[in-house]
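Please treat every number below as a calculation from the coordinates, not as lab data. If you're wondering where the values come from, they're calculated on a predicted model, not measured in any experiment. Methodologically, a virtual Cβ is constructed for each residue, glycine included, from the backbone with ideal geometry; neighbour enumeration extends over all protein chains shown.
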Amino acid sequence: MELLELTLPTAAENVALDEALLDAAEEGRRGRELLRIWELQSAAVIVGRSSRVHEEVDVTECRRRRIDLVRRASGGAAIVAGPGCLMVSLVLDYRTRSELRLVDHAHRYVLDRLAAALGQHVPGVTHSGISDLAVDGRKFSGNSLRAKRDWFLYHGTLLYDFELPQIEELLKTAPRQPAYRQGRSHADFVANLPLARAAIVQAAAGAFGATETAKDWPRDEVARLVRDRYGRDEWTLQR
């Protein structure tokens, strides 16, 4: 598997790059599975493909703070990302792992490996709910996927040194909650994983055998996706 450690300047470009990498694999322009690791340098809110923005996000507060708001192509609810929130994106081949076409198997495949790798450093890391990682019952990672015919994108967050109050300030109460949340507020439910960034990167790369550095990425496709979709309010605010 290839490893791409690359963060582009804006939230829209980074969301676009995840989709561009998936499209390149699906269209045969890339043949290797890939792990991408990135981290926004300023706060942004990223909503799910089917999110109703005004039900999940305090849009007025985002605008007041000039915080970017973008919509990704995968499912799930809104997140806040930024410094201290490592983003992990996997582009995986269904043809070599047909069992992962079942969504619950895909979640287990990725999250069980991450939990085992991170658990070597922080005891008690668990795959919790449908698509979370937690430690001591508090969530530090949320994940979602986007499937195509032969390839799929699995991506999510790993909080390690994030300004957690931003979540309470920018997001409303989650519309769908896992049972283990037990009705807790964002402040009581979400936590940082007590592990240094470098150790998290090493654990994630080791979990998936990402040992080769990726040498290129689809620049033109990223620019097109930002222009036509991710940089447009018509896409972001459609719901």
Point to revise | Geometric extent, Cα atoms of the chain - Rg, Dmax (angstrom) | key: 16.7, 47
**Study point:** Options Thr213, Ala199, Leu225, ranked by Cα towards positive dipole end of segment 185-235, top entry (Cβ charges)
**Key:** Thr213
Check your understanding: What order do you get for His54, His107, His121, His155 when you list them from fewest to most C-beta neighbours inside 10 Å?
Key -> His54, His121, His107, His155
Review point. For the chain, modelled as a GNM with alpha-carbon contacts under 10 angstrom, which of Ala117, Ala199, Ala20 fluctuates the most?
Key: Ala199
Point to revise | Residues in segment 79-103 reached by a label modelled at His121 [backbone nitrogen below 14 Å; 7 Å Cα→Cβ] | key: 84-88
Review point. Applying 1/(1 + (r/R0)^6) with R0 = 41 Å to the Cβ-Cβ distance of Thr213 and Gln182, what FRET efficiency is obtained, to the nearest 0.05?
Key: 0.45
Study note, to complete from the structure: Residue span Arg101 to Asp150: 0.36 nm per residue of separation minus Cα-Cα distance leaves a gain in nm of 16.7 nm
Check your understanding: Which of Asp58, Asp68, Asp216 moves the most in a Gaussian network model of the chain with Cα springs under 10 Å?
Key -> Asp216
Exercise for review: Give, as ranges by residue number, the residues of segment 209-239 whose backbone N falls under 13 Å from the point 7 Å along Cα→Cβ of His54.
Suggested key: 237-239
Review point. About the Cα centre of the chain, what is the dipole size in debye to 20, counting +1 per Lys and Arg Cβ and -1 per Asp and Glu Cβ, all else neutral?
Key: 420
**Study point:** Partner lysines for Lys148 [C-alpha distance under 18 Å; skip if fewer than 8 residues away on the same chain]
**Key:** none
Review point. Where is the GNM fluctuation largest for the chain (alpha-carbon springs, 10 angstrom cutoff): Pro83, Pro165, Pro218?
Key: Pro165
Exercise for review: Would you mind pulling out the separation of the Cα centroids of segment 70-102 and segment 103-151, in Å?
Suggested key: 11
Point to revise | Ascending count of other beta-carbon atoms within 10 Å, so fewest first, for Leu40, Leu237 | key: Leu237, Leu40
